[in-house]
Each structure stands twice: as structure tokens, then as C-alpha cells.
Amino acid sequence: MTDQLRDRRTLFTVVVLPLLLYPLLGISLIQITQFFRERPSVVWLAGAEWLPDEVPLLKGDQLDARWLAPGDAKLIQLHVTETAPAWMNAPSDAPVADSQNEASNLDPIAVRRGLAHLGAHAAVFIRPALPVLAADQASDGGTPSIGSRSIHIFIDSANDASGVAAKRIDQILRRWKSAVIENNLAQQQVERHTWQVWPMFTEELAEANSQRTAMWSKILPLILVLWCLTGAFYPAVDICAGEKERGTFETILSSPAIRAEIAWGKLLTVASFSSATAILNMASLTFTAMFVANRMGAASSGTLGALGLPPWSCLVWIPLVIVPVALFFSAVSLAAAAFARSSKEGQYYLVPLIMISMPLMMLTLVPAAHLELGTSVIPVTGLMLLLRGLIEGRYSDVLPYVAPVCLAMLACVWGSVRWVILQFNSEAVLFRASERFGIGLWIRRMLQERGLAPTIGQAMLCFLVILLAKFFLSFSLEIPHQWNGFAVQTVTILLAAVAVPAILMAVVLTKSPRLTLKLDRLRWIDVALAAVLAIALHPLFLWLSQWILVIYPASEGLVRMNQIVGELLAQAPSLWAILLVLALFPALAEEIAFRGFILSGWQRLRSSWSAVIVSAFCFGAAHAVFQQSVVATAVGIVLGIIAIRTGSLIPCVVYHAIHNALSVCLASNTPLAFEEWLPVLERNAVDGSLSYSLGPALIMSICGMVLLICLWRDRGRTPGVECSQPSFAPHPSRTLFHWLRGLVHPQRLRR
């Protein structure tokens, strides 16, 4: 804090700039608006003799005051001339060739010359009722019909003044037209209540105070988040990347404080400046807006003039909400700054942070967005919706979601701080200098310095390649209409977008593809253990997917897509064909990529649990449907534990295939040959759907969780991947087998 307070640039950005910026902007706005006076629009009117006399549009050479809104008399100037286009003066026996394009006979150059000669911005030509000869009548020599009178407005879209003039005269003509219609109906002795069927009126119930509060509730959260991000980023870059450049980081690391304390101290420092920046900017913005609104209120009845003061509840809620927002953006900014080599590189990370944060902010401006359990766990979005509800006074609607909103934000803060601590513990990150980058040099270095396992960066690269490949393939291919096309398309996407990139990167980037993909060892007891886990834990994941659908209901597009897939599956020749396409092939391709190459790269982390979590998140993010992504992340955690503790990919494939097969069988409601032998399954008598019996399924899930915990807690060898040579997880199956056998023979277990 002391170091930052000595920096004049920081003090200017945090304190002086907010106090000067908004008043200067307000003064500039007031000065500039003096030049934005509405100027009158000059309109050329020709053919006025064809206007009806019953409801006159003109009074002399000017518009009748009945059709003018307040202020229109000064904004509309007419030039009424007798000069008209040739078709307006045509004799009554000269039919127009095309009734759909009467104005096509006009010469645009002549109209533009007329506008320029009169100094007019737009033209209004009144067309009389001329005989019209349609195209089919012209070919048959038919008798022309009498067309209706019409009004033609000519506009020069390249000229803004012409567009304004056309808009003004159009509103006036619409008022006059309504009066003409009413007069004509009255002449036909049609009573008003008979032709005005079910008139509709919109009545405003909200008071002016409520309208201003609703407006401020949209503005203030957006400003708060933007300034918290801006106020957090530059101090974070300065106290991380800036200290690396100044050579003062070594002094901090040599102090008695541990790395975690240093990380938390820097986080609190950045959060303090972020909060101060947001508070000062919002205070300055509020008072400036109040001054400008009062100043312009008499001259403008629009949004700015009616904005007024923000509600007094903002003084209570904004300081409370600033704390989690500042902590969140401070942690994220600190994580990005800790990875940067220099201040210049750290500043490059600001644009990606803004690009990631902007969609989360814009979601709150969607009319359909409201705070619920699903949106409350979305970082930034949930907090902005919460603040919006608090400002509007909808306490009963938003207060129940305070806990999930804060927990989601604090979870992101904790994850970011853990990343910062990891960066502080890595000397390769702390003391690396800026280096020149070249594509050729990078490729040569990557091929020459290949390790037995991939690096973290290579694992991330593989994940991004899979995401992009699946995205472009899925959207470039059309939805098939037959089972054969669906099967070929599914297998093609799995091979081309998932399996092949992982295999190629394992062959090119590593010295031992077998070690990387965990194909060097196999124990059948591991395979049996994975199969038992897949069956035991499947009811738990099925209940999880149902619970997620309650929180995040399926959209209409997703429901329609499921119906299309169901129709395609009904065309399959057998259940085994469905299981081959939807169970076995996804298990092979996805396990090679996510538990093979990607997990091997993330095993370089010091924590095996972190490697499992990150690889599971990558696995979930690779699924296009959000509800499916959440379940896939949970399944990926189990698969990661199996992969690390067994050191083999085959048990993961077996678990994945059985899990997919059970899901397909239960979803398809297909009669199963082994259904009678499984008391855990029951069939609904109404719709014939298969589901799990609560009692047996609950016992299965508990046994599966106990088995999974025992598998994870078995640490016969240190899991993880060293920098040069992987030391994959042990084979705990023998130890687990002895542990299970020891439950029956305690003496044997002791011996």
C-alpha cells in the first residue's frame, strides 16, 4: 500500500482523475449541446391541388396547426409549388403502365435538382387518381382501372438532414391521414363506435421515482463493474510484473512471509485501490449527472432531463456490493499479472479480461434476465442482477440468492489466489525475463525439448484445438435425416476433432506416446474395479442430471434437438449399434484426449487434485450443451481419479463406456434382456420408462462413493508428472484388493 501511494500515477488515476473526468465531461456536454440545436427542415410540396378540401392539410402555404405537435411549426418550412412531375399533370385518359411502381417514371436527377434549387431537404408529391393499366391488362388490351390518390415522400438517405425532414413530415401526414379516414367514414354515415373496434390504450402505472430507479439500476451496476475491473488491473500489473522489472520482487520473497501471505497481501492491496476507484468514479458520475440533468431538464424532456438523482438505497447497497466485485476482479487481475514477464506484457492481458467480462455484464441488460438459482452462480452476472434488484427494492425476490451469489464469487477468488500462489512458487515464472518470440524458433524448441509427457501449455493447446475442431465441424455439417448418416457423422466428429489431435500431439510433442496416453500398463483387476464403479455411481449421476434440469430447464431448441435424435435412434438396426456409436466410440476418443494427453500435461502440477479438477473442467467444457457439461465435469472427476490411481487408460475407457451404455439404455426405454435380473431397475407403468429404485440405488451409490474415496486415499506412490519424466500414479488396485480382503481376514492384512 505504501509503495502504491508513493506512485503519483496511481494517485492521479484513483483520486484525481475521477474528480476531474466527469465534471469536465459534464461541462463539455453542456457546451457541446449548444451546437446541437434542432434546425428547421425544408420540405418541397407539389400537387397540393389534388388534396381533399373536406380535411385541409394546408392553411395558406403552411401546414394546418391541427396536425402539428408542439414545436413543429418552427421545425417544418414548406415550399409549395405548382411545378410537379410529368405524371401528375397527365390527362385522365393516359393510363399509368405499372400500378405497383407509379413513381418509377420520375427522373431522380430532376427531383434532386428541384431540391437543390429550393434548398429543400425532402419532397412530398401528391399523385392524383389516374387510370392504371396493369401488365396483364396491357397484353390483353383490357380497360384500365382507376387508381387511388397517393403521397410520395422523396428522401436522400445520404443526407442526415433529409432523413430528419422525412421523419417529421411523415408524422404530420399520418395525423392528417387519420383525420381524412375518419371524415370519409363519417360521410358514409358510419358511426365512430362501429369502426373503432376494441381500441387499445397503454396506461403508465409507474411513478416518476420508480422509472428513475429502474433506469439507475441498469446504469450503476455496469459502471461499478467496469471501474472495479479498471481500478484493479493497473495496480495488479504494477505490484507483480512491475516489481519483476524493478528487481524488488526478490526482496519480498526473501522476507519471513510465506508465498501465500504475499499473495493475499497483494490481493488486499489491489482490492483497496479497486474499491477506491469504483467509489470515487461513481460518486463523481452521480453528482455530475445530477448537475447536468438539472441543467438540461428545462430544455429537454428526454431521458437525460428525467434522469434525476439515484435512489438513496444506493448509498447502502453499492458499498456492500463493491467488496465482492473488487475482490473478484483483483484476484483475476493479479492472476494475469503474476504470469506476465513485464508491465507491457501485463497490459496486453487487459483486453482479453474485458472481452471475457463484457458478455457477463451484457447478460443483465437482456429483458428476460432475472435472478434465480441458475443465474446466481454465474460470476459477475449474478452479482449485477442482485445489485439491480436491491436498488429497485425487490428484496423478497433477490435476498434468497445472496448466498449462492457470494459463494460463486468467493470460489472464483479462491481459485485465482491459488493460481497466484502457484505462480509465486514457480521460479520459472517469477524470474523469467522477456524473450523474443518467433514461430520457427518456438517450433524447433518444442520439438528439440520434448519430454516423456506433455507440458501444461501443450495440454491447454490440445484442449483449444479440440474445442475449435468440434465447433467448426458441428456447425458445418447438416443434421442427418437417417441413422446411417447420424452414425457416420458422430464417429467422424469424435475421430477428427477429439482423438486424432490428441494422438498426433502425443506422437509429435512427446518422446513416449504410450506413457502420455497411459497405454503402457494394464491390470484386469483395475478394469473390474472401474466396471463396478461405473455401475454403482450411475444412479448418482442420473439424479444429478435430473436436478440440473430442474435448475436449468431445457430450452425449446434443446428439446427439439432431443426429439430429432430420438427419431434417428428409432431407425437404428439394433440396440448394439446405438451402444457402439454413442457409448464405445465416445469413450475411446474422449479418454484418449482428456484422460490421456490433457491429464498427463496437467499432472505436472504439484497437486493431483488440481490436475483432476482442471482436466474434468476441460472435459465438461468440450460438451456443447450446458446441462450435459455440468454432469460431464462430475463424471470427469471420477475418471481422473481412476486414471491417476491406476495409471492406465483402459479402466477409464471401460468406466466411460459402461456409464454411457447405461444412460442410453435408460433413456431409450428399450426392453433389456437383463432387466428381470436387476432388482435395482423398475419400469414405469404409465409411460414404460426405466428408472432406478430408490432404496437399492441409494445403497449402490453409497458403496460406490466409499470405494472411490478409498481409491483416492490410497497413496502408494506419489502421483504427478515431473518436469522431464512422468511418474504416473501407482497401481493401487492390489493394495485396494488386499484392503477389501483384510476386512474378512484381519490377521492376513496385518501380516
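We did not get these values from a lab; they are worked out from the coordinates using the rules stated. What you see is a predicted model, and the numbers here were worked out from it, not measured in a lab. Ideal geometry is used to build each Cβ from the backbone, glycine not excepted, and the neighbour counts take in all protein chains shown.
The figures follow:
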| quantity | calculated |
| --- | --- |
| Modelled FRET efficiency - R0 30 Å, L365 with S157, Cβ distances, 0.05 increments | 0.50 |
| Separation in nanometres of the label points that stand 7 Å from Cα toward Cβ, at I258 and R174 | 7.0 nm |
| V491 paired with L519, simple spin-label distance in nm, labels 7 Å along Cα-to-beta-carbon | 1.8 nm |
| In sequence order, calculated HN-Hα J values of segment 221-232 (Karplus, 6.51, -1.76, 1.60; Hz; x Gly/Pro) | x, 5, 5, 4, 5, 4, 6, 5, 5, 5, x, 8 |
| Alpha carbon centroid spacing (whole Å) that separates segment 218-279 from segment 339-377 | 18 Å |
| Sequence ranges 119-127, 507-515, ranked by mean other-Cβ count within 10 angstrom, highest first | 119-127, 507-515 |
| For a label point 7 Å along the Cα-to-beta-carbon line of M561, residues of segment 622-643 with backbone N under 13 Å | 622-630 |
| Table column - 3J(HN,Hα) (Hz), segment 457-468, Karplus curve with 6.51, -1.76, 1.60, x for Gly and Pro | x, 5, 5, 5, 4, 4, 4, 5, 4, 5, 4, 5 |
| Built amide H within the under 5 Å cut-off of S41, gap 5+ | I76, Q77 |
| Under 18 Å from the I354 label point (7 Å along Cα→beta-carbon), backbone N, segment 232-264 | 232-238 |
| Simple spin-label estimate for A186 and R341 in nanometres, 7 Å along Cα-Cβ | 8.3 nm |
| Likely footprinting exposure, L268, L386, L605, fewest C-beta neighbours within 10 Å first | L268, L605, L386 |
| Added length on full extension, which subtracts the Cα-Cα distance from 0.36 nm per residue, L118 to W547 | 147.3 nm |
| For segment 62-74, Karplus couplings with θ = phi - 60° (6.51, -1.76, 1.60), whole Hz, Gly/Pro x | 10, 5, 5, 5, 5, 9, 9, 7, x, x, 6, 4, 8 |
